[in-house]
1. Where in the stretch A:124-194 are there strands (runs of 3 or more DSSP E), lying fully within it, with 3 or more residues that are more than 17 Å from A:Gly336 (Cα to Cα) and open to solvent by 20 Å² or more (accessible area, probe 1.4 Å)?
2. Any idea which of A:Val800, A:Val757, A:Val815, A:Val768 is among the β-branched types (Val, Ile, Thr), more than 16 Å from ligand 1 (Cβ to nearest atom) and either touching a Lys or Arg at 6+ places or on another chain (Cβ under 7 Å) or not assigned by TED's automatic domain parsing to the domain that holds A:Val720 (or both)?
3. When you check B:Glu223 against the structure, is it more than 16 Å from ligand 1 (Cβ to nearest atom), surrounded by fewer than 24 Cβ atoms within 10 Å (Cβ to Cβ) and over 18 Å from B:Gly121 (Cβ atoms), yes or no?
4. What residue, of B:Pro150, B:Pro74, is of a type outside the set (Ser, Thr, Tyr), within 27 Å of B:Ser176 (Cα to Cα), more than 10 Å from chain A (Cβ to nearest Cβ) and part of a loop (DSSP other than H, G, I, E, B)?
5. Out of (1) within 16 Å of ligand 2 (Cβ to nearest atom); (2) more than 28 Å from B:Asp206 (Cα to Cα); (3) open to solvent by less than 10 Å² (accessible area, probe 1.4 Å), what's the single condition that is false for B:Thr113?
6. Out of the residues in the stretch B:52-71 meeting the condition of being farther than 16 Å from B:Ala39 by Cα and either more than 10 Å from ligand 1 (Cβ to nearest atom) or not in a strand (DSSP E or B) (or both), tell me which one is nearest to the other protein chains (Cβ to nearest Cβ).
7. Inspect the stretch B:240-248 for any residue being farther than 21 Å from B:Thr202 by Cβ, modelled with pLDDT of 90 or more and either in a strand (DSSP E or B) or among the polar types (S, T, N, Q) (or both) and give the result as yes or no.
8. When the stretch A:576-591 is examined, which residues are found to be outside any loop (DSSP other than H, G, I, E, B), modelled with pLDDT of 85 or more and surrounded by fewer than 20 Cβ atoms within 10 Å (Cβ to Cβ)?
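The values are calculated or read from the model by the stated rules, or taken from the named source; none is laboratory data. None of these values were measured; they are calculated from a predicted model. No Cβ is skipped: glycine too gets one built from the backbone with ideal geometry, and neighbour counts run over all protein chains shown. The protein model used for the area step is the full one, side chains on, heavy atoms only, and it has no ligands, DNA or RNA in it. Shrake-Rupley method; radii C 1.70, N 1.55, O 1.52, S 1.80 Å.
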Amino acid sequence: MRRLALRSLAAHKGRLAMTLAAVCLGTAFVAGTMLFSASAERAGLDTRRRTDVALRVTDAGDGRLRRSAVDELARLPGVADADPVVSGPGSLLGPDGTAVDDAGGVTSWADSQRFALTTGRAPAGDAEVALSGPAARASGARVGDTVRLLRGGSRHQATVVGVYAYRALGDEAPPAMAFQEATAQRLLGIPGQVTAVDLVAVPGAGPADLAGRVQAAVPGATVIDGAVPGATLIDGPAANAEARDRRVAEARTLRTALLGFAAIALVVGGFVIANTFSMLVGQRTRELALLRAVGLSRRQLRRMVLGEAAVVGLLGGLAGVAVGHGLAVPAVRLLGDQAGPATVAVSWPALVAPLAVAAGVTVLSAWAAARRAARTPPVAALRGQIGATPGDTRRRTIAGLALAVPGIAVYGYAALTDQIDEQVGTVGLGGAALLILAVVVLAPGLCRLLLRPLAAPLARLGATGRLAAGNAARNPRRTAATASALMISLSVVTGLAIFGHSVKRHTVAGVRRDVAAPLVVQPAGRGDAAIPQAEVEQLARVPGVRAVAALRYASLPLRAGPLATQAPATVTDPAALGTALRLEMVAGTAGDLAGGVFVSADLARRYGVSVGDRLTIGWPRGGERELTLAGVYQGSSLVTGLLLPQSVALPQLEETGAFTALVALAPGADEAAVRAGLERAVADRPGLVVRSRAEYLDNELRGADLILGVLYGLLALAVVIGILGVVNTLALSVVERTREIGLLRAVGLTRGQLRTVVRAESALIALVGGVLGVAGGYLLGAMFQRAALRTGLLEAAVPVGQLALALAGLALAGVLAAAWPARRAARTDVLTAIAAE
Amino acid sequence: MPPPARSATLAPDHSRDGNGVDDEMTATVRAAPEAVVSAVGLAKVYGQGETRVTALDGVDVAFGRGQFTAIMGPSGSGKSTLLHCLAGLDTVTSGRALIGGADLTSMDDDQLTRLRRDHIGFVFQAFNLVPTLTALENITLPMDVAGRQPDRELLAAVVDAVGLGDRLGHRPVELSGGQQQRVACARALASGPRVVFADEPTGNLDSRSGAEVLGFLRRAADEIGQTIVMVTHDPTAAAYADRVVFLADGRVVGELGRPTADRVLERMKRFDRRGS
Ligand SMILES: Nc1ncnc2c1ncn2[C@@H]1O[C@H](COP(=O)(O)OP(=O)(O)O)[C@@H](O)[C@H]1O
Ligand SMILES: [Mg+2]
């Protein structure tokens, strides 16, 4: 038995090449994901954090402590040591004078666990600096070089004397530059003050003991676990544990997401495998019948085929694990560059699980073929007809309808209900998945239906076109399985394209509707600091500026009658409403904001409040304020939740920086002149840029494009496997049709014409998969955007040009996929083909 | 297979049988007027060294226009090889294979393909039809492939002679073996080729279907003057031909004009006796 299975594999090894490749790619995805996430998890666990600090004391007010507090805290019982920390913002500038990405932060040097020198020495003089390893790498600076930095609008110079590795407490971001304490205080503009004091406990005392004593000494101090903003006392070990847990959780979330994509690739691969085995079994009917005739039982035959599948799965899996490992290594190196040291964590589960998945998927996919093999009647050995049993189409139809009916019901409900949210959206997507599954089950019939119109233009090619169409249609099940593999991958791609396109159109519409200002000032990148209020006022003073709508966001406690909740809030200047920032009012007028508070229509409905109600808003630093609800506005892309006038809210906020400042022009002002003025005003702040409204929109869209690009990249593998499936089907079909090809050649088909026949068949199969995939993708994408953007199903933006291009590309990929099978077909020797039994 | 039925249309026309001149054992080619196909010193050797097989050993033979020739000989005597070489399906070791004056041995694959497509008709023992095409599409295949319009009159005559009636739109699987072979013959004839080669076209058929196929070929020779070369090992089938060429060990060993089944059988027995 085993020998039989192995012999048969060896005999068909050429025909299994594509199957092996499909298994290998899918497994590589799984293995790579598992290795990478395990490494990321390990890196999170292994990151060296400060272990000596029991308690970090910070001030909840302006974030500063008197320097003398250090000595007072050091004298408390149970405190072995008190380390002062002076930290604040500051950008390291590269050789070209621009801020080095991700190399920010100034801190004070101390001979504590925080710093470990890798080269050089600690900063001693006033103009000396030590750089963190990543900062040194990013800026290219070495010990002895002079570097420039930017702090609070002014430039400074310092000589690099050392490079250090930083040990963080909790999630603290490692600072890029360390100066002597006094230098750091001067740079940050806080002479005689520190930003935190790290307390080391004597043996036997814990964070709780120290916290109790600090609270006794400093009235009003509170302990909050972890590095939550506003905390006064940070429990060191707890913060470390939390940071560690967070990184582990992030690694696991990433793993789940990537495994989702790997699953798509595996499902697509499953179709390729199923097709291969089904074709091999078909081609071996005689041999199988002979085995039955000499006495093998059905079970033995089935086990033989499944055994072959298991071996193919294991071989492909082994190759996949190797490839996955190869992919994980550079990915982990990249992670190491960005988030501290990381090595590839090779563990047994990460190696064995993908292998098991590979073998499992292969065996499962070959199941139907194995059953068909077992049903071969022994007489087929004598009759020798190729056992293309017509198959029970009725059962297929019933199964397809059984999936389609609930799919339509669920999808229809989610499409029509006016209460659309995440849950309903998920239900709707489930309906779409059911429908796609139904299409897969009904695919043979649908293929026949689709082939007719798609093949019509081929008839113009004459005999070759007719032959190609006939070949694609002759075995609908095979064409269907091949097209299904492409369809699944393409549905997801199309769904994503429709979703992405809808989101972008939503963004464009939102900006057009909400941004009245022709100019926008923003931090240049994600990592850049927000615009402080002083800077906003400076912008407002630029000649030709009428109003500036600086937008700040917060989450504030809200009470209204019996309601008590945490509500999102936006703070801006009421004077800028209408000129810089447009707001569509449902109740009240935009001018009413100065005297009260606005609420979005969404929240007003959810909270059951209306104009005239009294709302009590709590402030993060304590205290509260009662305001009158003066207006209700329609959903907006820039304003969410409560809208508060900045004169009331700004002094109470913790983070007063704005990430967007919309600048409206005075009547008659020249946009170019104002822009130049604004640019001069932010000249010494390299983190800020001035953008026109169009540039602002482009920048908003770029983020979406970036994410879409990554997702397309992850899905590309599934599409590639689908195309491998086309190559596979064609190659096997060509082998199967040797005699027919010989006949065609004898009758006068040239090699070129024969290649055209195979290519056209391939393009046809790819197109069928593409058309079905686009249809399935529309179901997914339309529902997805409906759930995410709360719109109607039919408001989905279909990127028609993009999809048409994708279909054309797929047809072309089909033609390319046919290259190898077509060459094989063209090389068929006429006489051997005719002689073949 | 029964002797050819003497029906008006299907029977071989032996009315012109006189006292058939039996130029027996002529190794040299009888000078046929207007030879459409001819082999000159044709030799074909397969393999090398110990596995070397001489399939054709200097064959000189010519086939005249409108002539229906049967090639006979024991199994392995080189009948199929001769046919393949003359049809441009196989390469020649030495000598020349000529069709309409053109030398096949100097042509490349594309030229041979075009020659087959435009000037040669072919009927194999089995598997003659493309399963995805209908009977009619199979008949017009060589012309479709060439992008050529069929000769309407000829096509109509051939299609009519197939006698398939309304089954012309059916796929090969829906036709009987005899019907399939007749469609194959029609395909070979419909493009008006210079010559039709048939390699044991009735080998897989029962005698009745075989007779229909042979009758069909006979009519083609009589009514449209089609040149036909047919390999067979069945004396009854050979009796449909105008002339029989005997092969043995890759050589032409004899010829018989206006054959009847009995005379062919008798001749073959003589060869057998001599061979043993
Ligand atoms: N492709 C080939 N390779 C080697 N020998 C061959 C090949 N084709 C035919 N032969 C040999 O050539 C001889 C003539 O074969 P063939 O023409 O098929 O005979 P026939 O058709 O008269 O039975 C035989 O001995 C056969 O074994
Ligand atoms: Mg033969």
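1. So the answer is A:146-151, A:154-166.
2. A:Val815
3. So B:Glu223 fails the test.
4. Working: B:Pro74 fails: within 27 Å of B:Ser176 (Cα to Cα).
Among B:Pro150, B:Pro74, only B:Pro150 is of a type outside the set (Ser, Thr, Tyr), within 27 Å of B:Ser176 (Cα to Cα), more than 10 Å from chain A (Cβ to nearest Cβ) and part of a loop (DSSP other than H, G, I, E, B).
5. (1)
6. B:Arg52
7. Restricting attention to the stretch B:240-248, the residues satisfying the condition of being farther than 21 Å from B:Thr202 by Cβ are B:248.
Okay, now just the ones that are also modelled with pLDDT of 90 or more, so B:248.
Keeping just the survivors that are either in a strand (DSSP E or B) or among the polar types (S, T, N, Q) (or both) gives B:248.
Looking for residues that are farther than 21 Å from B:Thr202 by Cβ, modelled with pLDDT of 90 or more and either in a strand (DSSP E or B) or among the polar types (S, T, N, Q) (or both), one finds at least one in the stretch B:240-248, hence yes.
8. A:Met585, A:Val586, A:Ala587
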